[in-house]
Amino acid sequence: MSLDLNARLRSLPPVDRVLASLEGLAPQALIAQAARMAVDLARAEVKRGSSAPSLEEVVDRARALLDERGKKDLQPVINATGVLIHTNLGRVPLGQRQLDAIYGIAKSYSNLEYDLTAGRRGSRYSHASDLISALTGAEAALVVNNNAAAVLLTLAALATDLEVVISRGELIEIGGEFRMPDVMSMSGTRLVEVGTTNRTHLADYERAITTSTGALLKVHPSNYKVTGFTAEVPLRELVKLARGRGVPLVFDAGSGYVEVQEAASWAAEEPPVAEALAQGVDVITFSGDKLLGGPQAGIIAGRSDLLRLIAKHPLVRALRVDKMTLAGLEATLRAHLEGKVQDLPLWSLALTAADELRSRAERVAEQVASDALKAEAIPTVSVAGGGSLPGEELASWGIALTHAEKSVDEMQKLLRFSTPPVIGRIEDERLLLDLRSVFVEDLDTLIANVGALD
Ligand SMILES: *Cc1c(COP(=O)(O)O)cnc(C)c1O
């Protein structure tokens, strides 16, 4: 090591001086982390031949690291992507009614596993189950952590060491590179794939059923659509086949469309849960935080004898839901039962009239526009997202932004760094803020943050 390098290393600001300059900005342990990291970075630069940075420079770097750390904290964002069920942005927001229910149960002791009528130990699964049955017509129901868990548990309980027959057109990846077939395999069943990517016929299923078959599995292809020369076997025919051969038919419906909304024509092709059960599906699984509009959960509903088997499986304990989830889910189910889907943010956003969005977009455009920032209210289309309704679009309005000096990428980054962050999408080389997924209460904040781009 040269003398010169030694001298430069010695002139690096010591960690505790950097620390002292950041005092009070964040919890001590986080400041210490940032200070150490900033000095380490400076040391690495010196070793590569740079001169030692000043105390101020290292402090600035540490402050930037603290800022970056802060952006990792969970925080609210304004979703102007137009994707209503946005898994990366937390799936669906919860409303006052759901939050009140969660708050009431979370802050107190509760009858979570206590039967008030009998005065003895009860089941945490009894609470939401009756409501699910009332809403879907299922004989029995069980709630677990999410829909992937619901599928895993169902197959583990009904078909461990047995075969599960599934169409090759329904082997889906659900995001974050998680593949449902891998989840299914973890249940200890053997997947028997039948048909081809685009066409599967009843005879394919018929041929695959043997004495080793534990279940037939149908999966709603939730985040893509195969178009063109396609064939899938309708539920009704699979029901007939399953009954005839004495194997249960499990349907992973994904989105959880429990109640047909006449005004939501975009949802017309979603399989309603009650209808699938009425057609004779033995067990259906779906998410709590897709079209149901509730907290993250996986719902298993169907035949009571099969649900008893499922509820007894040891995995239930590993996949169990928290009381806050159950409280939020109950409030969600009650809103559906009362026909008050407007109480659920997802549905109040989804059912807002396009004309209303138009006048909001015009107001926003007018208020944010400046000499440099061009803002135009334009009609656009949103999607339900989150693995629901592939290809179905909702009419919407948004604000298309361009800037005289800033690129679209720059604008997007500035909005991502605003408080709260605003997330839009790029379309035709403009930054588009789609109002379908923006709460009316957030419009003033949106206007302020977008206006600051000027
Ligand atoms: C979304 C989805 C899943 C996964 O559900 P999670 O609740 O996210 O675990 C599984 N299957 C289908 C068909 C889906 O649409």
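Which of the residues that make up the stretch 256-290 are within 22 Å of residue 348 (Cβ to Cβ) and more than 16 Å from the ligand (Cβ to nearest atom)? Listed by number, the residues that qualify are 259, 260, 261, 262, 263, 264, 265, 266, 268. When the stretch 95-121 is limited to residues that are assigned to a loop (DSSP other than H, G, I, E, B) and touching a Leu at 6+ places or on another chain (Cβ under 8 Å), the one that is nearest to residue 334 (Cα to Cα) turns out to be 95. Of the residues examined, residue 365 is not one that is of a type in the set (A, V, I, L, M) and out of contact with any strand residue (DSSP E or B) (no Cβ under 6 Å at 6 or more places or on another chain).
When you scan the stretch 22-39, do you find a residue that is at pLDDT 95 or above, surrounded by 15 or more Cβ atoms within 10 Å (Cβ to Cβ) and under 30 Å from residue 92 (Cα atoms), even just one? No, that holds for no residue. Suppose the filter is at pLDDT below 95 and in the same structural domain as residue 259 (by TED's automatic domain parsing); does residue 103 pass it? Considered against the rule, which asks whether it is at pLDDT below 95 and in the same structural domain as residue 259 (by TED's automatic domain parsing), residue 103 comes out as no.
Residues of the stretch 291-316 being under 25 Å from the mean Cα position of the chain (by Cα) and not in a helix (DSSP H, G or I), which ones? Selection gives 291, 292, 293, 294, 295, 296, 297, 298, 299, 300, 301, 302. Evaluated against (1) at pLDDT below 95; (2) over 22 Å from residue 299 (Cβ atoms), residue 208 falls short on exactly one condition, (1). Summed over the stretch 16-30, residues that are under 12 Å from residue 67 (Cβ atoms) and part of a helix (DSSP H, G or I) total 2.
Here residue 45 clears all of (1) more than 16 Å from the ligand (Cβ to nearest atom); (2) assigned to a loop (DSSP other than H, G, I, E, B) except the condition numbered (2).
From the list 381, 440, the one residue that fits, being among the aliphatic types (A, V, I, L, M) and modelled with pLDDT under 95, is 381. Just one residue in the set 319, 351, 337 is under 21 Å from the mean Cα position of the chain (by Cα), surrounded by fewer than 17 Cβ atoms within 10 Å (Cβ to Cβ) and in contact (Cβ under 8 Å) with a residue 40 or more places away in the chain; that residue is 351. Of everything in the stretch 111-169 that is acidic (Asp, Glu) and over 17 Å from residue 276 (Cβ atoms), the residue that is nearest to the ligand (Cβ to nearest atom) is 163.
The values are calculated or read from the model by the stated rules, or taken from the named source; none is laboratory data. What you see is a predicted model; the values in this text were computed from it and never measured. No Cβ is skipped: glycine too gets one built from the backbone with ideal geometry, and neighbour counts run over all protein chains shown.
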